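As structure tokens, the structure follows; a few thoughts come after it.
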Amino acid sequence: MRKRLTINSLQKMKQERNAISVLTAYDYPSAKLAEEAGIDVILVGDSLGNVVLGYETTIPVTIDDIIYHTRAVARAAASTFIVADMPFMTYGASREATLTNAAKIMQQGGAQAVKLEGGAEIADDVKALVKAGIPVMGHIGLTPQSVHQLGGYKVQGKLDKDAQRLLDDALALEAAGAFSIVLELVTEPVAEAISQKLTIPTIGIGAGRGCDGQVLVYHDLLQYASPYFEKKFVKTYADIGTTIRGAIESYVNDVKTGQFPAEEHVFQPHTSSSTTSSLYGGAAGQPNSPEQGRSHEQKNGVPVK
């Protein structure tokens with residue numbers, strides 16, 4: 001079993017320019033496969049709302065959803081650093097609620113850190129969490145929980161004023177104690193400039209090649225969806241959706257045509273099995289003769305050998 005990464009080892013990876021690989025996962029088998037493949041960090045993202053629960057946005061995802069899925073991931077990936085998203089409105093409303101909700105995710109879910117969306121406006125919450133001993137990953141740029149406020153899924157940092165705001169947000173999060181920051185849908189030059197300014201690692205998703213690491217959604221990497229919509233910033237490594245659909249179609253056809261189950265999928269009785277004999281009323285599944293039935297003593301109507 002490999003040694004689990006820590007926030008210190010992630011910091012060292014930035015210093016040594018050892019790119020950090022991050023992948024989302026939401027259940028036991030996905031997390032198990034990700035760990036076996038050598039992923040550095042697993043993010044239990046509120047993206048589960050889109051790719052697992054069928055919501056149009058991440059906003060309906062609850063803290064109970066996150067805890068449930070994080071617990072499954074933690075059981076599977078005991079040697080991988082696990083970060084869990086704090087869902088919409090579970091932080092920022094009050095300091096007490098922020099701390100309570102983060103503690104629930106850590107204690108009940110088994111994550112090693114939490115992730116919050118937002119910049120300077122949540123810096124005080126980040127500072128309070130870190131002071132309480134909870135590692136925090138920041139998230140700026142396109143922040144899906146604010147999709148309605150942003151006016152849709154748009155690339156961030158195109159204008160100089162937006163670029164400066166993103167840099168200010170990143171510096172505020174670093175000053176508050178965040179150990180890493182996700183940069184989502186940020187123009188490559190801006191993301192690279194932010195990565196160079198910060199002493200903590202940046203993790204890009206649609207933010208180009210200048211970040212200290214990359215994160216993708218599990219279902220995007222594998223095209224595990226129907227229909228699957230291609231995204232410019234995603235490289236897919238397998239078309240699992242088509243494979244799964246084809247396999248199920250083959251199963252349906254085999255059932256309809258009587259090809260499944262076949263001889264190798266069924267069980268036959270053992271002639272020497274007294275259990276099978278009793279179940280089928282005689283040896284090798286043949287009914288007992290009246291003489292055989294009377295050959296046993298009976299007690300209260302129950303045959304006794």
- Message: Taking the condition of being within 16 Å of Lys115 (Cα to Cα), surrounded by fewer than 21 Cβ atoms within 10 Å (Cβ to Cβ) and in contact (Cβ under 8 Å) with a residue 12 or more places away in the chain, how many residues in segment 48-66 meet it?
- Response: 3
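A quick yes/no check of all residues on (1) hydrophobic (A, V, I, L, M, F, W, C); (2) more than 25 Å from Arg95 (Cα to Cα):
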| position | (1), (2) |
| --- | --- |
| Pro135 | no, no |
| Leu142 | yes, no |
| Gln145 | no, no |
| Val155 | yes, yes |
| Asp162 | no, yes |
| Ala170 | yes, no |
- How many of the residues making up segment 120-164 are closer than 21 Å to Phe233 by Cβ and charged (D, E, K, R)? 3
- Which one of the conditions (1) under 27 Å from the mean Cα position of the chain (by Cα); (2) touching a residue at least 12 places away in the same chain (Cβ under 8 Å) does Gln149 fail to meet, given that it meets all the rest? (2)
- Among (1) modelled with pLDDT under 95; (2) part of a helix (DSSP H, G or I), which single condition is Arg2 missing? (2)
- Task: Please go through segment 181-203 and pick out each residue that is under 19 Å from Asp40 (Cβ atoms), in contact with a helix residue (DSSP H, G or I) (Cβ under 6 Å, 6 or more places away or on another chain) and not in a loop (DSSP other than H, G, I, E, B).
- Result: Ile181, Leu183, Thr202
- Message: From the list Ser195, Ser180, exactly one residue is among the hydroxyl-bearing types (Ser, Thr, Tyr), closer than 18 Å to Gln15 by Cα and touching a residue at least 40 places away in the same chain (Cβ under 8 Å). Which is it?
- Response: Ser180
- Working only within segment 7-16, note down all residues that are farther than 17 Å from Gly38 by Cβ, out of contact with any Asp or Glu (no Cβ under 7 Å at 6 or more places or on another chain) and in contact (Cβ under 8 Å) with a residue 40 or more places away in the chain. Ile7, Gln11
- Can you name the residue in segment 249-270 that is of a type in the set (Phe, Trp, Tyr) and outside any helix (DSSP H, G or I) and, of all such residues, is surrounded by the fewest Cβ atoms within 10 Å (Cβ to Cβ)? Phe267
- Message: Just checking, does segment 226-248 include any residue being touching a His at 6+ places or on another chain (Cβ under 8 Å) and surrounded by 13 or more Cβ atoms within 10 Å (Cβ to Cβ)?
- Response: no
- Note on the structure: For segment 258-275, pairs from a residue that is at pLDDT 95 or above to a residue that is surrounded by 10 or more Cβ atoms within 10 Å (Cβ to Cβ), with Cβ under 6 Å and 6 or more apart or across chains, are Phe260/Asp254
- Message: Among the listed residues Ile105, Ile122, Ile134, identify the single one that is crowded, with 20+ Cβ neighbours inside 10 Å, part of a helix (DSSP H, G or I) and under 22 Å from the mean Cα position of the chain (by Cα).
- Response: Ile105
- Output the qualifying pairs, or none if there are none: Cβ atoms under 9 angstrom, residues six or more apart or on different chains, first residue in segment 25-40 and closer than 22 Å to Asn8 by Cα and of a type in the set (D, E, K, R), second residue surrounded by fewer than 17 Cβ atoms within 10 Å (Cβ to Cβ) and at pLDDT below 95. Glu35/Arg2
- Task: Kindly list the number of the only condition in (1) within 26 Å of the chain's Cα centre (by Cα); (2) buried (at least 22 other Cβ atoms within 10 Å of the Cβ); (3) assigned to a helix (DSSP H, G or I) that fails for Glu174.
- Result: (2)
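The values are calculated or read from the model by the stated rules, or taken from the named source; none is laboratory data. As the structure is a computational prediction, the values presented were derived from the model and not from experiment. Virtual Cβ from ideal backbone geometry, glycine too; neighbours counted across all protein chains shown.
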